[in-house]
Amino acid sequence: MKKIVVKALFVLALAATCQLKAQVTPHTTADYQLSGYPKMVRYMKFESDTAIKNQRTSFIEDYQLIFDDQRHLVERTNFIDGKKDRHSRYEYDNNRHLCKETLMEADNKIVSVTEYDYNYLGRIARITTVEYPQSRGGANTLVRQETFEYNAKGQQTKHTISSDNNKENRTTEYFYGPQDSLIYTITTYSYNKNIDKTTYKRDFDHSLIEKINVRNDKQTRRETYRYNDKGLLEQKEVYNGKDKKLLTYTYKYDQHNFMTEEVATNPSGERTIEYYYKYEKDKYFNWTKRTVYDVWEVKYTEIRKIDYEDKEYWYEDKKDQDTKRVVRETEKE
């Protein structure tokens, strides 16, 4: 079967049932889709199973996460060829909000500091990044600032990015309709005259069922979405600027809501993307090995070595509500 070369589109969780929210750096176990109380996670991504058998130290991606007993990320360390490289440390305020992120070289010299400020409702109000370039003797320089505004209901109404990289400078405004659902956004840029508008359509459950991208009053892309009974995305249709269907994506999941299948077909019914995911899991239902297949061939293998806090009582929370038994393994098809 002739394959069309397409960038892999890994489906992230759509903010489909709620309004868009200001995002900060992933910094909790939930952000990394981890259950239980992990205190250390070593993540390694290989090109294929062969890399694991040969115990190579050169990976596509290799990093380590350290969490505190409140499930907050306190340190992330990247590795290159098995050696410690740049690493980040994270600090939190009394309300458990991420307030500071410090990026350092392997020798602990500061590369940048990002600070997060919140309003009285606990919503992010400003993100400021300052760099300390060694070429200037470590003198600090402001390189990026994001500000966020909200209405009386606490809904985000504006997001502004000011950066020394002019192509990052933009302002996005958010507009709401019935049931306080986000219905469209408008983005303007400082470096060109483009005006981008994104419209959102939701069903009665507030799930996003259509998104349309428009630039300078001309449609550039349209997507429609359909969900299964668990609220997980099971189909996505993609249309071009002339509203011609390009691809239809279908997704399948296991009983723990991990994706097992991602297939895209063109209007002729040919499969242009065909990925399958196989998992090995621990007792907390976190996957410890994920193998990604491109049709029949192994494309990537990911390994997670997880050490946990001694909080076994959490395990009781994962029992099935009806049978009171713990589901340990994925149902076999």
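The single condition among (1) under 22 Å from residue 232 (Cα atoms); (2) over 20 Å from the mean Cα position of the chain (by Cα); (3) of a type outside the set (Lys, Arg) that residue 292 does not meet is (2).
State yes or no: is residue 66 open to solvent by less than 60 Å² (accessible area, probe 1.4 Å) and under 30 Å from residue 47 (Cβ atoms)? Answer is yes for this residue.
Residues in the stretch 229-251 that are closer than 20 Å to residue 200 by Cα, touching an Asp or Glu at 6+ places or on another chain (Cβ under 9 Å) and open to solvent by less than 40 Å² (accessible area, probe 1.4 Å): 7 in all. Read through the list (1) more than 25 Å from residue 243 (Cβ to Cβ); (2) touching a residue at least 40 places away in the same chain (Cβ under 8 Å); (3) surrounded by 17 or more Cβ atoms within 10 Å (Cβ to Cβ); (4) not aliphatic (A, V, I, L, M), then give the number of the only condition that residue 225 fails. For residue 225, the failing item is (1).
For the stretch 74-100, filtered to residues that are of a type in the set (A, V, I, L, M) and at pLDDT 95 or above, the residue that is surrounded by the fewest Cβ atoms within 10 Å (Cβ to Cβ) is 74.
The single residue among 272, 323, 260 that is at pLDDT 95 or above and over 22 Å from residue 44 (Cβ atoms) turns out to be 272. Close Cβ contacts (under 6 Å, 6 or more residues apart or on different chains) running from residues in the stretch 146-161 that are closer than 18 Å to residue 25 by Cβ and of a type in the set (A, V, I, L, M) to residues that are modelled with pLDDT of 95 or more and in a strand (DSSP E or B) comprise 161/146; 161/170. Only one entry in 81, 62 is out of contact with any Gly (no Cβ under 7 Å at 6 or more places or on another chain) and at positive phi, namely 81. I'd like the full set of residues that are in contact with a Leu (Cβ under 6 Å, 6 or more places away or on another chain) and farther than 16 Å from residue 263 by Cα, limited to the stretch 217-242. The one that is in contact with a Leu (Cβ under 6 Å, 6 or more places away or on another chain) and farther than 16 Å from residue 263 by Cα: 240. Cβ separations smaller than 6 Å between residues 6+ apart or across chains give the following pairs from the stretch 281-306 residues that are free of Cβ contacts under 8 Å to residues at least 60 places away in the same chain to residues that are of a type in the set (A, V, I, L, M): 289/303. Residue 116 passes every criterion in (1) in contact with a Lys or Arg (Cβ under 6 Å, 6 or more places away or on another chain); (2) within 28 Å of residue 180 (Cβ to Cβ); (3) not acidic (Asp, Glu) apart from (1). The number of residues in the stretch 212-265 that are part of a loop (DSSP other than H, G, I, E, B) and either polar (S, T, N, Q) or over 23 Å from the mean Cα position of the chain (by Cα) (or both) comes to 9. Among residues that are open to solvent by 60 Å² or more (accessible area, probe 1.4 Å), assigned to a strand (DSSP E or B) and more than 23 Å from residue 73 (Cα to Cα), residue 115 is not included. Within the stretch 183-209, the set of residues being among the acidic types (Asp, Glu) and open to solvent by 40 Å² or more (accessible area, probe 1.4 Å) comprises 203, 205. Would you be able to say whether some residue in the stretch 33-54 is open to solvent by 50 Å² or more (accessible area, probe 1.4 Å), under 16 Å from residue 302 (Cα atoms), in a loop (DSSP other than H, G, I, E, B) and at pLDDT below 85? Within the stretch 33-54, one or more residues are open to solvent by 50 Å² or more (accessible area, probe 1.4 Å), under 16 Å from residue 302 (Cα atoms), in a loop (DSSP other than H, G, I, E, B) and at pLDDT below 85.
Scanning the stretch 159-182 for residues that are assigned to a strand (DSSP E or B), within 24 Å of residue 221 (Cβ to Cβ) and open to solvent by 60 Å² or more (accessible area, probe 1.4 Å) gives 170, 173, 175.
The values are calculated or read from the model by the stated rules, or taken from the named source; none is laboratory data. Because the structure is a prediction, the values reported are computed rather than measured. Heads up, the Cβs are rebuilt from the backbone with ideal geometry, glycines too, and the neighbour counts pull from every protein chain shown. Heads up: the accessible areas ignore ligands, DNA and RNA and are worked out on the full protein's heavy atoms, side chains in. Shrake-Rupley method; radii C 1.70, N 1.55, O 1.52, S 1.80 Å.
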